[in-house]
Amino acid sequence: MKKEKIAILGGGLGAMTAAFYLTSTEELRNKYQVTIYQMGWRLGGKGASGRDIRRGDRIEEHGLHMFMGFYENAFRLMRDAYGEWIKQPQNPFRSWTDAFKPVNLVTLQQEVHGRSGKHWVTRKLEFPELPGLPGDGINLPPLLLLIRDLLGFLKSVFSHLESGWENSLSWEEEIDKALESIGDDLKDAFSVGEKQAARLKDPNDERNAPEGNRSTHPILDAIHGFIDRCFEKDESPDLGADLIRGMQSRLADLQPEEGDGFEDLIFYWNLLDMGLALGLGLLVDVLPYGADGYNRINNQDFRQWLMKHGASEASAWSAGVRALYDLAFAFKGGTGKPDDASMPAGAAAKTMLNLGLAYKGAPLWTMEAGMGDAVFTPMYEILARQRGVEFKFFHKLTGLALDDSGQSVARLDFDVQAEITADQYEPLYEVKGFPCWPSEPAWGQIKNGVELQKAGANFESYWQNHCVRKITLQQGSDFDKVVMGLSIGAFPIVCEALNQNDSWKKMVETTETVQTRAVQLWMKPDPKAMGWEGGTTAMTSYAEPMDSWGQLAHLMSAENWPQGTPETPHGVQYFCNVLPDDGNPVAPIGEPDYPDAKKAQVKSDAIQWLDQNIGHIWPGATDPQNPDGLDYSLLVDFENRTGKERFNYQYWRANVDPTERYVLSVPESMHYRKHPGESGFANLFLAGDWTISRINGGAAEAAVQSGMLCAQAI
């Protein structure tokens, strides 16, 4: 039987997932002939990473990557891949649990304006280990149970406050009296709701024991009654909504003012205020509408939706909320400014609930190598070496054309960027027994490779046009179906012909993307010596323009540095954030200096930021002459430069290429996203985080879901 030819465009996670499941059985491999066309020398898309052979085989990423503990499909893919992968004996990753490790510490930064001026307060949130492991096939909890868990979490907030008031904070006596009055006011706020819930009381229930047998703190008494009576048996959620409104009606009058010494009260008040608004919004706007509940509020911004349901403006932009926007690079134009923050309420609420309450094991899972190594190496080796999928590296899509009917893709145009010296390009090399992707092509496998290397050839840039020849693929002879796996940022350049379909054009026009930046610092001292008392963590909601940080010292074991020297690194620190478009959403490809200019901006911004913001998070790594700034002598530099020149040994990048731009989820675009199997063209299927998914956001889970749905549709 003649095989159906599938041309997959791009090697990002969505495209690779589609290829993985299109070839997952012998029957499918006999049915489909799959070929993957990839610009440049490596796979991964925005998740591509490389190893610098000249600098300790160090890992160089597009940004800070972790999987979340509710990524069921992404971890299912990794479980399947590591289970099938035929590994060499020296490979240290024998299973997926060798490649992914749990991270329970999440760090937030709270900005406080007090008498002494603006300052930051670190909030280290140690999440408990929850049952299960991601990808185990057990469904995530239903929304009603998550709301109950949310309210239970709010109860713990009160517990924390009680402990802080009694043990941690030394305020004046009048403040203590004021707090007692707050407790009385809150208790009064529950009176109406408690009367409504009286018929639910069970005299034999220990929760209705006399006051003397319960917590003496009035706020805890109130919250206990609130949680206990919100959801019992098959009671309507209206009761819970009424109770929340009752609490909000008084809580709003008790908002603490900014001031030194009140940081804990402000933080937890904001957390409670935001959490109550989130719970109320879910009860009113989402829960009654079933599977479509989240989607129906995606036309609203998350912050505005929280305020609609009672959150104060301060709480709707408090550390926990801002962290979500930072996580999703959710700033139009890449400004990082609150006025440009935009995130669909449904997608944001679901992510917040799942990340905080529905994870398995840990909320975050870090990789024990680069993302390219841990995620894309096993997939490549399975597809290329075990399943017979053909990879066409150095094939850059330049355009496509439709047939006369306008209903099918009839032609694909490519620039072949380089000629290789053998029949097949071998993209991997081994580091400590693990096959890895290099940060540069294997120049020895490329014709005229030495000359291209000296000329600074970049096969991943749309600003450089390396073309040794052009080829055209025709429908029927070269392909039957096409999987569009490129990121949507490239569509205005390579897919203009598809705009004759109105719904396609609307999707492209309304979907926004943003540039991002990444900086990695290799440090001579270990994190503890730098003053960081926590372990591996992800921190966000800190000072712009590098508001997110990953403490990833564990990656030292995956790199290959000389040991026992004065420059031997003992930790690596990752930073990332958005990068402003400067009013130019997709820079014209004809501006040859644009990528270098933006990379120079990343460097300049990073040094300025390090001079002003390091003292707070690394108090043991500061300049003796500048307690806020970094001591640059602590940076690793085997070229032995001095001062800020040592930064030149570090790694930084500006993700400005169309396929590198992060896909934003904005309220204006959600309605126009397409299902992976419904492109509007008969033989075109879609795979990427820009399609409809349960996440509807720029995330590995969304890309994997899209790839699975794409394969299913084919």
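Bear in mind these aren't lab numbers, they're just calculated from the coordinates by the rules spelled out. Because the structure is a prediction, the values reported are computed rather than measured. Cβ atoms come from the backbone with ideal geometry, glycine included; neighbour counts cover every protein chain shown.
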Plugging the Cβ-Cβ distance of Lys31 and Ala497 into 1/(1 + (r/R0)^6) at R0 = 35 Å yields, to the nearest 0.05, a FRET efficiency of 0.75
How many angstrom lie between the Cα centre of segment 44-65 and the Cα centre of segment 500-527?
17
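Please go through the residue pairs Lys87/Lys396; Lys87/Lys454; Lys5/Lys470; Lys155/Lys332; Lys3/Lys506 and name each one whose alpha carbons sit more than 24 Å apart in this structure.
Details: Lys87/Lys396 31 Å; Lys87/Lys454 35 Å; Lys5/Lys470 21 Å; Lys155/Lys332 35 Å; Lys3/Lys506 34 Å.
Too far apart for the 24 Å limit: Lys87/Lys396; Lys87/Lys454; Lys155/Lys332; Lys3/Lys506.
Using r as the Cβ-Cβ distance of Lys528 and Val450, and R0 as 51 Å, what FRET efficiency do you calculate, to the nearest 0.05?
The formula returns an efficiency of 0.70 here.
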Considering Cα pairs under 8 angstrom that are at least six residues apart, work out the relative contact order of the chain and quote it in whole percent.
22
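Let me know the Kirkwood hydrodynamic radius for the chain, please, with Cα pairs as the basis and the value in Å to one decimal.
27.2
Whole number please: convex hull volume per residue, Cα atoms of segment 300-407, in Å³. Can you show the working numbers first?
Details: hull volume 26.9 nm³, N = 108.
Looking at segment 300-407, the number lands at 249 Å³ per residue.
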Counting DSSP beta bridges with both ends in the chain, the antiparallel % (nearest 5):
75
Per DSSP, the loop-located trypsin sites (Lys or Arg not before Pro) within segment 1-91 having at most 13 other beta carbons within 10 Å are Lys2, Lys3, Arg54
Amide N proximity, segment 598-633 versus Thr642 label position 7 Å along Cα-to-Cβ, cut-off under 15 Å:
632-633
Among Gly388, Trp504, Met1, pick out the residue whose Cα is farthest towards the positive end of the charge dipole of the chain, where Lys and Arg carry +1 and Asp and Glu carry -1 on C-beta, about the Cα centre.
Met1
Positive minus negative residues near Asn104 (Lys, Arg vs Asp, Glu; Cβ under 14 Å)
+1
Where a label projected 7 Å from the Cα of Ser249 along Cα→Cβ would reach, residues of segment 298-330 with amide N under 17 Å
309-311
Mind giving me the nanometre distance, one decimal, between the label points for Thr472 and Glu111, set 7 Å out from Cα along Cα→Cβ?
5.5
Could you list Cys467, Cys495, Cys576, Cys710 so that the one with the fewest beta carbons within 10 Å of its beta carbon is first and the one with the most is last?
Cys467, Cys495, Cys576, Cys710
For the pair Asp404 and Glu257, the simple spin-label estimate (label points 7 Å beyond Cα toward Cβ) gives in nm 7.9
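Go ahead and run the numbers for FRET between Ala600 and Arg54, Cβ-Cβ distance against an R0 of 22 Å, rounding to 0.05.
It comes to 0.55.
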Under the rule of -39500 (n - 2.57) per DSSP H run of 4 or more residues, summed and divided by the residues of the chain, what mean residue ellipticity at 222 nm is obtained, to the nearest 500 deg cm²/dmol?
-9000 deg cm²/dmol
How many nm separate the modelled label positions at Ala543 and Lys505, each set 7 Å beyond the Cα in the direction of the Cβ?
4.8
Longest principal axis of the chain (C-alpha) makes with the long axis of helix 72-84 (C-alpha) an angle, in degrees to the nearest 10, of 50
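Taking a ≥ b ≥ c as the square roots of the Cα gyration tensor eigenvalues, with a/c under 1.5 meaning rounded and otherwise prolate when a/b beats b/c, else oblate, which class fits segment 513-655? Kindly include the intermediate steps, with their values, before the conclusion.
Numbers: a/c = 1.80, a/b = 1.59, b/c = 1.13.
Prolate, because a/c is 1.5 or more and a/b exceeds b/c.
Can you tell me how segment 434-499 classifies by the Cα gyration tensor, rounded, prolate or oblate, using a/c under 1.5 as the rounded cut? Can you show the working numbers first?
Details: a/c = 1.86, a/b = 1.76, b/c = 1.06.
It is prolate, given that a/c is not under 1.5 and a/b is the larger ratio.
Projected area of segment 348-438, taken from the Cα convex hull and averaged over every viewing direction, in nm²? Mind dumping the intermediate values first?
Details: hull surface 44.6 nm².
The directionally averaged projection comes out at 11.1 nm².
Over 18 Å between C-alpha atoms is what I'm after, so list which of Lys2/Lys31; Lys432/Lys524; Lys392/Lys505 land there. Please report the intermediate quantities before stating the final value.
Numbers: Lys2/Lys31 8 Å; Lys432/Lys524 21 Å; Lys392/Lys505 29 Å.
In this structure, Lys432/Lys524; Lys392/Lys505 exceed 18 Å between Cα atoms.
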What is the distance in Å between the Cα centres of segment 626-696 and segment 285-302?
28
